[in-house]
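*Asks:* Before I ask anything, here is the structure I am working with.
Nothing in this text is a laboratory measurement; each read-out follows from the coordinates by a stated rule. This is a predicted model, so every value here is computed, not measured. Positions of Cβ are generated from backbone atoms using ideal geometry, with glycine treated the same way; all protein chains shown enter the neighbour counts.
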């Protein structure tokens, strides 16, 4: 059996509440000294729920560090699996397999735009952290959209990266802003198109729900982007 197919028990060490019904979970794998993975990959978590084994995939929201990994998960109130994850307490464990997936940044490095909605932001967090440390030549743009401004996970982190790295631009937008919100409003699509303008020298990475992913892909193809420039991961 390949290493990524061998099940392990991942222990929840702690979590942070980072939005309404959104948590950043921290796990460690006691029977492994190191858990190597690539930014953009995911793990599969499994548990018996109501007498049936249920498995779900979640993008890793952290960089490799020892035998740990982190996930960004939103609670689906009438869901089968996330209520179980949100009921776990530090010290509880869950079956994990991984890493899996090929939603990775292409090499060599190139101008790139990242498009995320909701918890689709998760894989872009380690991607950008790693890339910006080593590449000051190419341009990187993150367009992140949510419904309400209190759902803008990691906003302070990305603002700090944009302040630190001159080649990184962070655009966040809210589709249902309150009167207090002074930032961008509307869907991510308009900000992707305005950021690109007439340029076609970008790789585009898209992560979120199927409707958004498909719409952005279709618009890029209409603009003349090649299939090899468009990379995506759908969350439903």
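*Asks:* Compute the long axis of helix 210-223 from its Cα atoms, compare it with the longest principal axis of the Cα atoms of the chain, and write down the angle in degrees, 0 to 90, nearest 10.
*Replies:* Helix 210-223 and the main axis of the chain meet at about 30 degrees.
*Asks:* Ordered by packing density, taken as the mean number of other Cβ atoms within 10 Å over each peptide's residues, highest first, how do 78-91, 141-154 rank? Working shown, then result.
*Replies:* Numbers: 78-91: 13.6, 141-154: 21.6.
Peptide ranking by packing, descending: 141-154, 78-91.
*Asks:* State, to one decimal in nm, how far the label point of residue 33 lies from the label point of residue 218, with both points 7 Å from Cα in the Cβ direction.
*Replies:* Simple spin-label model gives 5.2 nm for this pair.
*Asks:* Something else: Taking a label point 7 Å from the Cα of residue 176 along the Cα→Cβ vector, which residues of the range 7-29 have an amide N closer than 13 Å to it?
*Replies:* 20
*Asks:* May I ask for the angle, rounded to the nearest 10°, between helix 155-164 and the longest principal axis of the chain, with both axes built from Cα atoms and the value confined to 0 to 90°?
*Replies:* Around 50 degrees separate the two axes.
*Asks:* Same structure again: Rg to Rh for the chain: what is it, with Cα atoms only and Rh by Kirkwood? Write out the running numbers ahead of the final one.
*Replies:* On the way: Rg = 18.0 Å, Rh = 18.6 Å.
The Rg/Rh ratio comes out at 0.97.
*Asks:* Right, another one. May I ask you to derive the relative contact order of the range 135-236, considering only C-alpha pairs under 8 Å and at least 6 residues apart, and to give it as an integer percent?
*Replies:* Values: 121 pairs, mean separation 23.3, N = 102.
After rounding, I find 23 percent.
*Asks:* In degrees from 0 to 90, rounded to the nearest 10, what is the angle of the helix 124-134 Cα long axis to the longest principal axis of the chain?
*Replies:* That helix lies at roughly 70 degrees to the long axis.
*Asks:* Could you work out the relative contact order of the chain? I mean the mean sequence separation of Cα pairs under 8 Å and 6+ apart, divided by the number of residues, in percent. Walk me through the numbers on the way to the answer.
*Replies:* Details: 463 pairs, mean separation 42.8, N = 236.
It comes to 18 percent, rounded to a whole number.
*Asks:* Express as a percent, rounded to the nearest 5, the fraction of DSSP beta bridges in the chain (both residues included) that run antiparallel. List each step's numbers first, then the result.
*Replies:* Numbers: 32 of 57 bridges.
Looking only at bridges with both residues in the chain, the antiparallel portion is about 55 percent.
*Asks:* Shifting gears a bit: Determine, from the Cβ-Cβ distance of residue 184 and residue 78 and an R0 of 30 Å, the FRET efficiency 1/(1 + (r/R0)^6), rounded to the nearest 0.05.
*Replies:* So, using R0 = 30 Å, E works out to roughly 0.45.
*Asks:* So if I take the centroid of the Cα atoms in the range 143-210 and the same for the range 1-70, what is the distance between those two points in Å?
*Replies:* 26
*Asks:* A further question on this structure: What FRET efficiency do you get for residue 110 and residue 89 if R0 is 25 Å and r is their Cβ-Cβ distance, rounded to the nearest 0.05?
*Replies:* Result of the calculation: an efficiency of 0.05.
*Asks:* According to a simple spin-label model (label point 7 Å from Cα along Cα-to-Cβ), what is the distance in nm between residue 14 and residue 227?
*Replies:* 4.7
*Asks:* Relative contact order of the range 3-100, please, whole-number percent, based on alpha carbon pairs below 8 angstrom and at least 6 residues apart.
*Replies:* On the way: 208 pairs, mean separation 37.9, N = 98.
Relative CO of the range 3-100 lands at 39 percent.
*Asks:* Using only DSSP helix segments of four residues or longer, with each worth -39500 (n - 2.57), what per-residue ellipticity at 222 nm results for the chain after dividing by its residue count and rounding to 500?
*Replies:* For the chain, the value works out to -6000 deg cm²/dmol.
*Asks:* Round to the nearest 0.05 the FRET efficiency obtained for residue 157 and residue 52 when R0 = 35 Å and r is the Cβ-Cβ distance. Write out the running numbers ahead of the final one.
*Replies:* Values: r = 37 Å, r/R0 = 1.06.
Calculated transfer efficiency: 0.40.
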